[in-house]
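Shown next, in structure tokens, is the structure this report addresses.
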Amino acid sequence: MDTDVIVIGAGLAGLQCARRTQRSGRSVIVLESEEAVGGRVRTDHIDGFQCDRGFQLLNPAYPAVRDWIDVQALELQKFGVGVVVRTGATTTTLAHPIRHPRLALPTLRSELTPLPDLVALARWFGPTLLRPTTASRSARDQALRTSLDEAGFTGRLRSDVLDTFLAGVLADSTGESSANHVRQLMRYFALGAPGLPRAGMQALPEQMAASLVEPVRLGTAAREVREVPGGVQVTTDNGTIRGRIAVVAVGPQDLAELTELPAPLTRGLTTWWFRAPERPHAGPFLMIDASTPGGGPAGPIWHTAVVSEVAASYAPAGQHLVEATTLLDRPDGLAGEDDVRRDLERLYQRSTQGWEVFVHHVVPHALPAQLPPLEDRRPTWTGDRVLVTGDHRGTGSIQGALVSGDRAARAVADLLEQWQ
Ligand SMILES: Cc1cc2nc3c(=O)[nH]c(=O)nc-3n(C[C@H](O)[C@H](O)[C@H](O)COP(=O)(O)OP(=O)(O)OC[C@H]3O[C@@H](n4cnc5c(N)ncnc54)[C@H](O)[C@@H]3O)c2cc1C
């Protein structure tokens, strides 16, 4: 036997599973098909810029991040907790009133925050905010759209702000995602200030991998996982590895290759990364576009940010890095550069002539579709010795991936204990 546990996939779930397994005194080998750890949390370094493979943020309020990650070592550069909303020729900044007290009055007096909407928001979200996740887990779940309708949440705070912002977060412009999942995410937004590690998002999985005694075997794709008498056998291009248990921690799109499980539904997005010679916009907030009457963007871009404004380490001194995100569930999700530039010019009200595209990340399987009902799902055994984990077994987020990986390790530890 080469090891107690073989973990396939060095994304956040696989790495957390491996770390917990190691901590319980078991040996573990991690196989990763790519040449670096991180899975969906990777960073490209180009000419002194850092472009994450799809714009995303780390929220230090996630309980799993608080408990298992050394956030201080990541040196998080924090975004403002709020948004700039473009509606036609106007922009309005709406911000968390406690975190940005100077913006509290303008936020509450804005046309985008009518009182009936604030009341509806409190009714819809208040219980989850005040009581931890159990409140949202025990509540009847529905599609987000239906749930907000039933709460009487029908004004501009809903149509222009919440729907638009959440579509970008969930990569779902349809409103079909689980309302309870969204309530939980919003609770974390309300409690934390998400940001970007100094060395890019990939610093998160790299920190996790660094604590493994046996380094992750990079560039090693598992081709087959088979139960054999007394253990499991994983076939790779470089040979066969035998262990007592295998944990399959691959993303949703790769699951069907190694298991009998159906491929989970996913949501996709694309992120364009531009270098700008001048600073297009000041302030620490994400900009969302609600220029279509009734809400939603007037072009392909759902949100954009001058990332270097918040995360100075993402661009060389004196230069600026802009992200623009489109959604693949929209007909214009794969809009070309000319359309994206035109949209950015409208959003920032300036020419993008001197701007240069670095890279366009197309991520068709960014997140598992989180349809209702939200369940307290567990990693799934597909045999006596093969366990499947990942965000698609829990919730589609950094928190969900870490928790799923941790639960897998606990289940494995219990089983190994029983066999002793
Ligand atoms: C663009 C984008 C934006 C996001 N925004 C946020 C956000 O703001 N906040 C948030 O909380 N979450 C966000 N997420 C979600 C979060 O990143 C994911 O939920 C999480 O990273 C999933 O981790 P995972 O370990 O479950 O899967 P993955 O990261 O997909 O890891 C699976 C790993 O398995 C490897 N693998 C696959 N097949 C094999 C094989 N045969 N052999 C060996 N290895 C294999 C893959 O290479 C990969 O490394 C975002 C995701 C994306 C892509």
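No value in this document is a laboratory result; all are computed from the given coordinates. Since this is a predicted model, take the numbers as computed values, not measurements. When we count neighbours, we look across all protein chains shown, and the Cβ atoms used for this are built from the backbone with ideal geometry, even at glycine.
Results, tabulated for the structure shown:
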item	result
Where only alpha carbons of region 315-373 are counted, the Rg and the Dmax (Å)	14.6, 48
For region 294-340, fraction of C-alpha pairs farther apart than 14 Å, in %	56 percent
The chain: translational diffusion in µm²/s, Stokes-Einstein, Kirkwood Rh over Cα pairs, 20 °C, 1.002 mPa s	96 µm²/s
³J(HN,Hα), Karplus 6.51/-1.76/1.60, whole Hz, each residue of region 172-187, x for Gly, Pro	9, 8, 8, x, 8, 5, 4, 5, 5, 4, 5, 4, 5, 4, 5, 4
Tail beyond 14 Å, pair distance distribution of region 104-193 (Cα, percent)	65 percent
For the chain, calculated [θ]222 nm from helices alone, where every DSSP H run of n ≥ 4 adds -39500 (n - 2.57)	-8500 deg cm²/dmol
For Thr43, residues with placed amide H under 5 Å, excluding near neighbours	Arg53, Gln202
Over region 8-59: Rg over Rh, Cα atoms, Kirkwood Rh	1.08
Area projected by the alpha carbon convex hull of region 313-420, averaged over all directions, nm²	11.3 nm²
Under 5 Å, built H, 5+ apart or other chain: amide partners of Phe79	Gly195, Leu196
Cα-based helix-to-principal-axis angle, 115-130 vs the chain, degrees rounded to 10	20 degrees
Distance-filtered residues of region 6-40 - backbone nitrogen under 17 Å, label point 7 angstrom along Gln420 Cα→Cβ	20-28
Estimated D of region 50-101 in µm² per second, where Rh is the Kirkwood radius over Cα pairs and Stokes-Einstein applies at 25 °C, 0.890 mPa s	179 µm²/s
Spin-label model distance (nm) - Arg66 vs Ala282, 7 Å beyond Cα toward Cβ	3.5 nm
Amide H within-cut-off set for Ala366, under 5 Å, with H built and near neighbours excluded	Arg267, Gly268, Leu269
Proxy reagent accessibility, fewest Cβ within 10 Å first, across Tyr348, Tyr314	Tyr348, Tyr314
Under the Karplus curve 6.51 cos²θ - 1.76 cosθ + 1.60, θ = phi - 60°, whole-Hz ³J(HN,Hα) for region 363-372, x wherever Gly or Pro sits	10, x, 10, 5, 9, x, 5, 9, 7, x
Under the Karplus curve 6.51 cos²θ - 1.76 cosθ + 1.60, θ = phi - 60°, whole-Hz ³J(HN,Hα) for region 409-420, x wherever Gly or Pro sits	4, 5, 5, 5, 4, 4, 5, 4, 4, 4, 6, 6
